[in-house]
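This report concerns only the one structure given below.
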């Protein structure tokens, strides 16, 4: 149990604090903080909880690797990325839309940015939107962005605006016409997306983000009207639909490197190298774990459960 | 009295509305058409209104049950409301940057929370689950375990972006692709089965009602076919653009 009396005594101890905690000087406040932290740690909530230490160490390792490789890239040592055909096809899709004089649709999925599990996929999709908006403006292709989440609409508008400004054609961008909030309802969004794409006879459709049951509805509609499609998601159960119905599919983790790959930004590529070191750690741990378990030892399992 | 009458009328018309909108949406399988457009617009309007109503109701219930109980909670609730109101500055040309404050708070908080769990759920737990003995009790289990370890490692290597798939990595990459395709095939079949169950459920729902529902389908199909026929005839009569 939390020892309230002890904390009260320490906070009001005349030796430690001259008058009251509110009027303590910075040095006294620092001591108070340390003592409170100690008591909380000892009595109530441990700073290092059993079962979570391995996670903390892994996080520290991955974050350190990302910072190191980002720093290296900023100083000119940029790692080389392998070719990802799905991402190369995005330029082809934009070019096709510009040549045909028909619009390009780009969606960043239906998850909210604030979603703890699926939010990163939306952020990855928005990274692609930023690149596509600039390219569309350069080549004169019409761009349409269907949005499901209210929170994302202003961000999508701002990304597109920046893209058009970078290309030197801010006057071509019409936020209310090109970036549309459709519906927060999953199938309300998908039915309107399908209808909109069909009515506009889209030339290209790029879908990168978190998708669920609407993935095949959208991809199938795009295929029926003859668009060139690039689909990518990290939701395992929806990848097969993109593989089946899209011209190019990005599988899982590939969508997270899309922003870096397309923008060719040195620091973003550096951060990818840092993430690769995380995967390397995974490979090494699996190899060691399998060897240990085969030899009858569960020491690594215990270490990872620490 | 009047409300009871309205409720009874809505209850009676409910199945008809269901059947009508269901068939309107299904008509998209033929092509995009005015019936679908009508259902789509209705759905959008209803869904948006419902979202607004639901959120306001949630806000009120939170206020009544949790946040109005103590003065500290009232202050915190007011602060959250004020931060929330900053979203509306998106519509101001001068102060639009203020909307970024609630956005950063929301994104930062949730990403921080996700980091707390993701490292376990999507990294350490997956690694621990792959700690399986390469020599098992039966030859089949041994083969299975070896296959699982090889598949996991090759798929992990496939997503290593800073290495070109050349040399030995070319072969591991091919194996990883086959592994993933096998997984996707299984997932595809599984999901399609679920969708078929949904379709059968809807078909049963329609068939369990009086056959008069078929009249809706007949009206929708007839209008679509007739309008298409007329369009084809009109196009056949019109001279080709750019022709002699």
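The values are calculated or read from the model by the stated rules, or taken from the named source; none is laboratory data. What you see is a predicted model, and the numbers here were worked out from it, not measured in a lab. A quick note on method: Cβ atoms are made from the backbone with ideal geometry, for glycine too, and the neighbour counts reach across all protein chains shown.
Would the range B:66-85 turn up any residue that is under 18 Å from residue A:113 (Cβ atoms) and at the interface with chain A (Cβ under 9 Å from one of its Cβ atoms)?
No, there is no match, as no residue in the range B:66-85 is under 18 Å from residue A:113 (Cβ atoms) and at the interface with chain A (Cβ under 9 Å from one of its Cβ atoms).
Here are some conditions: (1) touching a residue at least 60 places away in the same chain (Cβ under 8 Å); (2) surrounded by fewer than 24 Cβ atoms within 10 Å (Cβ to Cβ); (3) in contact with a helix residue (DSSP H, G or I) (Cβ under 6 Å, 6 or more places away or on another chain). Residue A:175 meets all but one. Which one does it not meet?
Going through (1) touching a residue at least 60 places away in the same chain (Cβ under 8 Å); (2) surrounded by fewer than 24 Cβ atoms within 10 Å (Cβ to Cβ); (3) in contact with a helix residue (DSSP H, G or I) (Cβ under 6 Å, 6 or more places away or on another chain) one by one, residue A:175 breaks only (1).
Out of curiosity, is residue A:244 surrounded by fewer than 22 Cβ atoms within 10 Å (Cβ to Cβ), farther than 28 Å from residue B:104 by Cα and facing chain B (nearest Cβ under 9 Å)?
yes
Among the residues of the range A:247-295, count how many are within 8 Å of chain B (Cβ to nearest Cβ) and not in a helix (DSSP H, G or I).
Number satisfying all stated conditions: 1.
Every residue in the range B:1-26 that is without any contact (Cβ under 8 Å) to a residue 40 or more places away in the chain and either facing chain A (nearest Cβ under 10 Å) or touching a helix residue (DSSP H, G or I) at 6+ places or on another chain (Cβ under 6 Å) (or both), please.
B:21, B:25
Could you look through the range B:89-98, keep only residues that are surrounded by 13 or more Cβ atoms within 10 Å (Cβ to Cβ) and either at pLDDT 90 or above or closer than 24 Å to residue A:63 by Cβ (or both), and pick out the one that is nearest to the other protein chains (Cβ to nearest Cβ)?
Checking each candidate, the answer is B:89.
Name, by its number, the condition in (1) in contact with a strand residue (DSSP E or B) (Cβ under 7 Å, 6 or more places away or on another chain); (2) within 14 Å of chain B (Cβ to nearest Cβ); (3) more than 29 Å from residue B:100 (Cα to Cα) that does not hold for residue A:110.
It fails just one condition, (3).
For the range B:27-55: of the residues being in a helix (DSSP H, G or I) and closer than 13 Å to residue A:196 by Cβ, which is farthest from the other protein chains (Cβ to nearest Cβ)?
Of everything passing the filter in the range B:27-55, B:41 is farthest from the other protein chains (Cβ to nearest Cβ).
Quick test of your reading of the structure: residue A:147 fulfils all but one of (1) buried (at least 18 other Cβ atoms within 10 Å of the Cβ); (2) at pLDDT below 95. Name the failing condition by number.
Residue A:147 satisfies every listed condition except (2).
In the set B:177, B:195, B:166, which member is within 10 Å of chain A (Cβ to nearest Cβ) and over 30 Å from residue A:264 (Cα atoms)?
Working: B:177 fails: over 30 Å from residue A:264 (Cα atoms); B:166 fails: over 30 Å from residue A:264 (Cα atoms).
Sole residue among the options that is within 10 Å of chain A (Cβ to nearest Cβ) and over 30 Å from residue A:264 (Cα atoms): B:195.
Pick from the range B:106-145 the residues that are facing another protein chain (nearest Cβ under 8 Å) and not in a helix (DSSP H, G or I): which of them is nearest to the chain's Cα centre (by Cα)?
So the residue we want is B:130.
What is the one condition in (1) closer than 22 Å to residue A:256 by Cα; (2) touching a helix residue (DSSP H, G or I) at 6+ places or on another chain (Cβ under 8 Å); (3) modelled with pLDDT under 95 that residue B:176 does not satisfy?
(3)
Can you work out which of the residues in the range A:158-182 that are on the phi < 0 side of the Ramachandran plot and assigned to a loop (DSSP other than H, G, I, E, B) is nearest to the other protein chains (Cβ to nearest Cβ)? Reasoning before the result, please.
Applying the first criterion (on the phi < 0 side of the Ramachandran plot) to the range A:158-182 yields A:158-167, A:169-182.
Pick out the ones that are also assigned to a loop (DSSP other than H, G, I, E, B) and you get A:167, A:169, A:173-174, A:182.
Numbers: A:167: 21, A:169: 20, A:173: 15, A:174: 16, A:182: 7 Å.
Once the filter is applied, the top-ranked residue is A:182.
Anything in the range A:250-295 that is out of contact with any helix residue (DSSP H, G or I) (no Cβ under 8 Å at 6 or more places or on another chain) and on the phi > 0 side of the Ramachandran plot? List them, or say none.
A:264
Across the range A:296-306, what is the number of residues that are touching a helix residue (DSSP H, G or I) at 6+ places or on another chain (Cβ under 8 Å) and either more than 8 Å from chain B (Cβ to nearest Cβ) or without any contact (Cβ under 8 Å) to a residue 24 or more places away in the chain (or both)?
Looking only at that region, the number is 6.
Residue B:29 versus (1) out of contact with any helix residue (DSSP H, G or I) (no Cβ under 9 Å at 6 or more places or on another chain); (2) at pLDDT below 90: which is the lone unmet condition?
Condition not satisfied by residue B:29: (2).
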